[in-house]
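For reference, the structure is listed below as C-alpha cells.
No value in this document is a laboratory result; all are computed from the given coordinates. Not measured: the values here are computed from a predicted model. Cβ placement follows ideal geometry from the backbone for every residue including glycine, while neighbour counts extend to all protein chains displayed.
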Amino acid sequence: MRVLARQVRLSGVVLRLRDVAESHRVVDFLSLEEGRVALLARGARRSRKRFQGLLDLFQSLTVSATVAPGLWSLDGAELVSGRFGIRRDLDGVRRASLLVEITSALTGPQQVVPEIYQALSAGLDAVDHGELSRAALALPALLRAAGLVSAASHCGGCGRARPERVALGTSGRLLCGTCAAGRPLLPATVFAAQSSAEVSAEQARLLEASVVDLVEAAIGRSLKSARVWASLADHRAR
Ligand SMILES: [Zn+2]
C-alpha cells in the first residue's frame, strides 16, 4: 500500500543550519506545532532564489514541509521576522547563539513544548530590540519551561520562605544566601514567572554563567557557543 505524503505548515524558528551533499542544507527548526524537526532544503546552497534568500539563523518563518522518515523535506518558506537587529554587534549574536543552543539541548526531536517555543521567541525578540533585561530573563524562562528550575518562593536548601536574593544551583534549586555556598546571588524576582525584573549587565553575565553551568550539568556535555565565546573574550582581553 502506498502511503500518501503528508504536508504540513509550521511556524517556527531556525536553530541551526548544516550543509549536506553538494547543494543542500539541513535546517534545524523549532516549530510550534511539531516541536524540533530537521528539514532538508534541496538546492538551498546552489540557488539563493530557491528560498528567496531566507533560511538564516534566529529567523522566524512559516514553512511548508513534507513529512518523511528522518529528514522532512522543506518545500517553501516565508519570513515572519528576520530579527536583523541581532547582528548589530557580536554580543547580540553571542546571546542569540546561546539561546538557540540551550533550546536545542533541552528539546528532543518532535517534542512539543509551547512554553519553550515562547521563551525562545521572546528572548530572540529582546536581543533583536537590544533589550538587555528581557533578553537575560529569557534564560530562566527557558529553564522553567523545561522544568529545570525550582520555584523562587522558598530556598531549595533550608526551605526559608521568600528569600530576596538567590543563587541558581547546578541541580536547578534556588538557594538563599546562607545555602548558596559562594555561588553568585541574584534578585529572586529574576527567576519568577512573568518576571519584569531590571537586570544590570553584571547580573546578566552572572545569570548567564549560572544557567550555562546548570544546563551543562543537566545534559552532561559542554555548550559549544558558551565555550567559543568565552575563549574569544579571553583572547580579546589579552
Ligand atoms: Zn537556604
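Quick look at the values:
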| item | result |
| --- | --- |
| Debye, to nearest 20: dipole size of the chain, +1 on Lys, Arg Cβ, -1 on Asp, Glu Cβ | 560 debye |
| Total charge dipole magnitude, the stretch 6-82, about the Cα centre, Cβ charges on Lys, Arg, Asp, Glu only, Debye to nearest 20 | 260 debye |
| Value at 222 nm in deg cm²/dmol, rounded to 500, when DSSP H runs of n ≥ 4 in the chain each add -39,500 (n - 2.57) | -11000 deg cm²/dmol |
| Residue order, fewest to most surrounding Cβ atoms within 10 angstrom, among VAL211, VAL20 | VAL20, VAL211 |
| For GLU33, distant residues with modelled amide H under 5 Å away | SER11 |
| Karplus-derived 3J(HN,Hα), 6.51/-1.76/1.60, for each residue of the stretch 140-156, Hz, glycine and proline x | x, 5, 5, 4, 4, 4, 8, x, 9, 10, 7, 5, 7, 6, 8, 5, x |
| Residue-by-residue Karplus 3J(HN,Hα) for the stretch 64-72, coefficients 6.51, -1.76, 1.60, Hz, glycine and proline x | 10, 9, 10, 6, 8, x, x, 6, 8 |
| Orphan Cys of the chain, criterion: no other Cys C-beta under 4.7 Å | CYS158, CYS179 |
| Relative contact order (%) - criterion: Cα under 8 Å, at least six apart; region: the chain | 14 percent |
| Which of GLU101, GLU202, GLU33 has the fewest Cβ neighbours within 10 Å, and the rest in rising order | GLU202, GLU33, GLU101 |
| Ascending count of other beta-carbon atoms within 10 Å, so fewest first, for LEU168, LEU207, LEU142 | LEU207, LEU142, LEU168 |
| Table column - 3J(HN,Hα) (Hz), the stretch 9-16, Karplus curve with 6.51, -1.76, 1.60, x for Gly and Pro | 10, 10, 9, x, 10, 6, 8, 7 |
| Extreme residue, positive dipole direction of the chain, given options ALA167, ALA145, HIS24 (C-beta unit charges) | HIS24 |
